[in-house]
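The values are calculated or read from the model by the stated rules, or taken from the named source; none is laboratory data. Predicted, not measured: the structure shown is a model, and the values here were computed from it. As a convention, Cβ positions derive from the backbone with ideal geometry for all residues, glycine included, and neighbour counts pool all protein chains shown.
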Amino acid sequence: MIEKIVVKNLVKIFGSHPQKGLAMLQEGRSKDEILKETGFTVGINDVSFSVRQGEIFVVMGLSGSGKSTILRCLNRLIEPSSGQITIEGTDVTKLGEKSLRKFRQEKTAMVFQQFALLPHRTVLQNTVYGLEVQGVSKPEREAKALRSLALVGLKGWEDKYPSQLSGGMKQRVGLARALTNDADILLMDEAFSALDPLIREEMQDELLSLQEKMNKTIVFITHDLNEALKLGDRIAFLRDGALVQVGTPEEITNNPADDYVAKFVRGVDRSKILTAGDVMKKPQPLITLRDGPSVALRIMKEHGISSVFVVDREKHLKGIITVDNAVDARNAGIRSLGEVELAQGPIVKENMPVQDALSVIAESKLPMAVIDEEDRLIGIIVRGSVLAALASDSRVDEVDDSQGGEANA
């Protein structure tokens, strides 16, 4: 996977003579020691990470951990004291003033916590502002802005002023403004933190929906673990300016690097993190449409189960044959399952959160089928497997459960 942003050994020291602080860091002195002796604050302490193209990379930690400082170093709104920031092969730390300005305009766009809308400008005028500064013609910039406003659900609000908008709508304008600049990289600094909980969740869903369509590279700052787990493809934990751990939501929750991270993830609802693909079992045994009811009954007897999935040659799911249906079909002289009306159990895609599948699993007596993007059967889910996964760090294939036992439940 392509690395869009690469940060190496990044350090930021706030003070009049950062070189002195850098020397003390190299001697192994702590952040507190440097502050006590010099009055300098170590904002970022030797941080290295990379952000892959098209991912949402979440940086989180407590207040004062250096989250926003890192974000602002990426486009040099804050000047790093040392280290390297490479974006699409360009070392941002070496850009001159003119090149840096061009880089900011073309490569990155920021979405702020406090909206940063100009009160005397309409929604449309706020949205086109970045392109206006770049000298893009009015027809072109307004056409792009209108498309962005439609994407974030603000079509028809173009002529309103910020004072006429709710908090969520103001944040949508900020997001539309960033999208209008058509930058590949979005830098989002606690963008939803000022919103009410329900509006905040709505904006999180909106961002994920937009990401499906636009595939931007997003660096998202938050102090909220639930938000990080929901949005992040990977999460970076900071403490006192230092990087503690980087990993996927599942890696973070299953294997916290230290007590600091463990305290964050303690009590996390695993159903919000795990997907159907995480808790599914291999779909064995299977039979095909050309098999007959007698074959189905023999397989069910051999495996001690009361139903079995039926697929075609390409493993596309056709349904489930139950023991009762198979007996009736055999007694009727039917020779192929293609002639049988198969039962249809619940079906989900492998990336569906377990939380969304729980109610469906609870209501169904049949096992749940997990399919890929081409509708091929890749796994099954039974209630016992889900409960085991939610209660344990173990993978489902380590749990002794069977589709037959579930079907008999």
Item to check | Candidates 248, 288 - the one that is among the β-branched types (Val, Ile, Thr) and under 30 Å from residue 87 (Cβ atoms) | outcome: 248
Item to check | Flag for residue 195 being closer than 24 Å to residue 72 by Cβ and buried (at least 21 other Cβ atoms within 10 Å of the Cβ) | outcome: no
Checklist entry - Does any residue of the stretch 317-340 turn out to be under 30 Å from residue 233 (Cβ atoms) and out of contact with any Lys or Arg (no Cβ under 6 Å at 6 or more places or on another chain)? => result yes
Item to check | Single residue of 15, 54, 64 found to be surrounded by fewer than 18 Cβ atoms within 10 Å (Cβ to Cβ) and at pLDDT 90 or above | outcome: 54
Checklist entry - Taking only pairs six or more apart or across chains, which ones have beta-carbon atoms under 6 Å, a first residue in the stretch 14-28 that is under 23 Å from residue 72 (Cβ atoms), and a second residue that is of a type in the set (A, V, I, L, M) and surrounded by fewer than 11 Cβ atoms within 10 Å (Cβ to Cβ)? => result none
Checklist outcome for this item: Exception for residue 6 within (1) closer than 21 Å to residue 84 by Cβ; (2) among the aliphatic types (A, V, I, L, M); (3) modelled with pLDDT under 95; (4) surrounded by fewer than 23 Cβ atoms within 10 Å (Cβ to Cβ) falls at (3)
Item to check | Members of the stretch 258-307 that are in a loop (DSSP other than H, G, I, E, B), of a type in the set (Asp, Glu) and out of contact with any strand residue (DSSP E or B) (no Cβ under 7 Å at 6 or more places or on another chain) | outcome: 269, 291
Item to check | Residues (without any contact (Cβ under 8 Å) to a residue 60 or more places away in the chain and surrounded by 13 or more Cβ atoms within 10 Å (Cβ to Cβ)) located in the stretch 85-100 | outcome: 90, 92, 93, 95, 100
Checklist entry - Name the strands (runs of 3 or more DSSP E) wholly within the stretch 315-387 that hold at least 1 residues that are among the hydrophobic types (A, V, I, L, M, F, W, C), within 32 Å of the chain's Cα centre (by Cα) and more than 19 Å from residue 278 (Cα to Cα)? => result 317-322
Next on the checklist: Can you say whether residue 123 is at pLDDT below 90 and either touching a Leu at 6+ places or on another chain (Cβ under 9 Å) or over 28 Å from residue 204 (Cα atoms) (or both), as far as the supplied structure shows?
Outcome noted: no
Next on the checklist: Take the conditions within 21 Å of residue 237 (Cα to Cα), modelled with pLDDT under 90 and among the hydroxyl-bearing types (Ser, Thr, Tyr) and apply them to residue 82. Does it pass?
Outcome noted: no
